[in-house]
Each structure stands twice: as C-alpha cells, then as structure tokens.
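To start, the structure under review is shown below, and the notes come after it.
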Amino acid sequence: MFTGIVKDVGEVIATTRKGDGLRLKIRFHAHEFSDLSIDESVNCSGACQTVVAREENAFEVDTVAETLKKTTLGSWRIGTKVNLERALRPTDRMGGHYVQGHVDSVGTITSIQNLSNSWEVWIAFESSFEPNVVPVGSIAVDGISLTVAEVTGNHFKVAVIPYTWAHTTMGTKQVGDTVNLEFDILGKYVQKQLLFLQQTSPKLSEARLKELGY
C-alpha cells in the first residue's frame, strides 16, 4: 500500500527481456531508499513492483506479462525517468490517498497549460472507467496522488503545483505521452457493491411496492 507521495525520481539504467517478461534496473538518488531490501515493494510510476536484486544505488524488478499489458512499463528504455515511493508504514502520515500500485488503465495526456503558479493537465482515459473518475476525487497518475479538478466524458483535468511539477516526472511530460492510471480503491469497492445489489435485489415494480406496504 502506498500514498501517492513520490519520494524520488529514479531512472532506468538497464532492461533485459526474460521470456514474456522484463527485468528493469532502476537507479535511485534519495537517501530514503538506501536500506531498500530484496522482496520489498516499490511503487514505480504507479506500478507496484517487488525488488529482486539490489546494488548500492540501484535495484532490479521483474515485470510480468500481465503488468506489461496493462501499464507503460513495456515502453521504458534506458534513461526513462521513474517516480518512486516505498510502501506505507502504519506510522507514516497519510499525505495522499490509498494507492495500491495496481494500474487500472493507461491514459494519454491531451493538453498541458502553464498557468502563473501551476499547470493544468488534461488526460484521456478509457470510457469504461468513467464511473471511477469524479470531480474533487483522488486519482493516481504515474503513482502521483492528484485531485481530479474537472471531468468531461472520458477526459479529466488535474492541477499540478510547482513542487510536484519539479519533484516528479510530471515536469517532463508532453502532449501525447501515456501515463499509468489507478482509480480510487474505495470508489471501486462502492461501485462493485452497487452493481451486485442491482443484479441480486428484486426489481422495483407495482407488485413489489405492494409487498412492501405502499
């Protein structure tokens, strides 16, 4: 479990095909990652990955076929910048929102507008996920916890403050770039329960209303 508060921007320094998967070697810079251990989970630009090897200032992860299919990790090359966050500890402050590192979909940046003290970024996503994106709700974009400022169909807007722009990969993005999206897990559970109730509850009809005493 993560919070979407990026602690470091690393970069890919090696990629190796392993069957239908991919091994990625990622260099980190922040001291917070100095005691990173094998078997630990790291949020890599929105995708939860397990450390399988470790060096002084780098770690390696094995990315499986399912992850490559659902995320942007398959397009990563040497030099690709990666948002990094270690797993949440029970004593940590909850600065963002509950982020699992389980990418739901890949979105595409359609607009970036530089305002006086922030950036407005519009992102397109698959229409089937429209119920999961709500104004003023939370969303993880490449592992960054952001607030949805506006929704229009299958496009949403986020406002990015200068600190986030400078200390994550957001500042490197351009129109047309793809990003990993994870929708709020709490909203997904509510949606699932409502769908289940609709499928299992008796349909409301005149006869049903009479049974209920109306």
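Readers should treat all values here as calculations from the given coordinates under stated rules, not as data from a laboratory. Remember, it's a predicted structure, so these values are computed and weren't measured experimentally. Here Cβ is always computed from backbone atoms with ideal geometry, including for glycine, and neighbour counts include all displayed protein chains.
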Label-point separation, residue 214 to residue 108 (7 Å along Cα→Cβ), nm: 4.5
In order through the range 156-161: 3J(HN,Hα) via Karplus (6.51 cos²θ - 1.76 cosθ + 1.60), integer Hz, x for Gly, Pro: 9, 10, 10, 9, 10, 6
Förster radius 45 Å - calculated FRET efficiency between residue 34 and residue 151 (Cβ-Cβ, nearest 0.05): 0.65
Rounded, prolate or oblate (a/c below 1.5 giving rounded, otherwise prolate when a/b exceeds b/c) for the range 94-146 by Cα gyration tensor: oblate
Estimated vicinal HN-Hα couplings, Hz - the range 19-24 in sequence order (Karplus 6.51, -1.76, 1.60; Gly, Pro = x): x, 8, x, 8, 9, 10
Förster-model FRET efficiency, 30 Å R0, residue 178 and residue 117, C-beta, rounded to 0.05: 0.65
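Considering Cα pairs under 8 angstrom that are at least six residues apart, work out the relative contact order of the range 26-73 and quote it in whole percent. Don't jump to the answer; show the numbers that get you there.
Numbers: 55 pairs, mean separation 14.9, N = 48.
Averaging sequence separation for qualifying contacts and normalising by length gives 31 percent for the range 26-73.
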Across 69/157; 7/157; 81/192; 69/188, pairs whose alpha-carbon gap is larger than 30 Å: 81/192
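Rounded, prolate or oblate: pick one for the range 34-132, where a ≥ b ≥ c are the square roots of the eigenvalues of its C-alpha gyration tensor, a/c under 1.5 means rounded, and failing that, prolate if a/b is larger than b/c, else oblate.
prolate
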Alpha-carbon radius of gyration plus Dmax, which is the widest Cα pair, for the chain in Å: 19.8, 72
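Under the definition of Cα pairs under 8 Å and six or more residues apart, what whole-number percent is the relative contact order of the chain? The partial results should precede the final answer.
Details: 461 pairs, mean separation 47.7, N = 214.
With pairs under 8 Å counted, the relative contact order is 22 percent.
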Residues whose placed amide H lies under 5 Å from that of residue 80, excluding near-sequence neighbours: 12
For the range 153-214 versus the range 22-80, the gap between their alpha-carbon centres in whole angstrom: 28
Dipole of the chain [Lys/Arg +1, Asp/Glu -1 at C-beta], most positive-end residue of 127, 137, 65: 127
Residue 105 long-range amide H proximity, modeled H, under 5 Å: 181
Hits among aspartates and glutamates - C-alpha to C-alpha of residue 18 under 19 Å, sequence gap 8 or more where chains match: 39, 60, 62, 66
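Which shape class, rounded, prolate or oblate, goes with the range 90-214 when its Cα gyration tensor gives a ≥ b ≥ c as root eigenvalues, a/c under 1.5 marks rounded, and past that a/b bigger than b/c marks prolate?
Values: a/c = 2.84, a/b = 2.17, b/c = 1.31.
The shape class here is prolate.
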Nonlocal amide H pairs with residue 3, under 5 Å, H built at 1.01 Å: 99
Karplus 3J(HN,Hα) series, Hz, for the range 121-135 with 6.51 cos²θ - 1.76 cosθ + 1.60 (x for Gly, Pro): 10, 9, 10, 8, 9, 5, 4, 5, 9, 3, x, 8, 10, 10, x
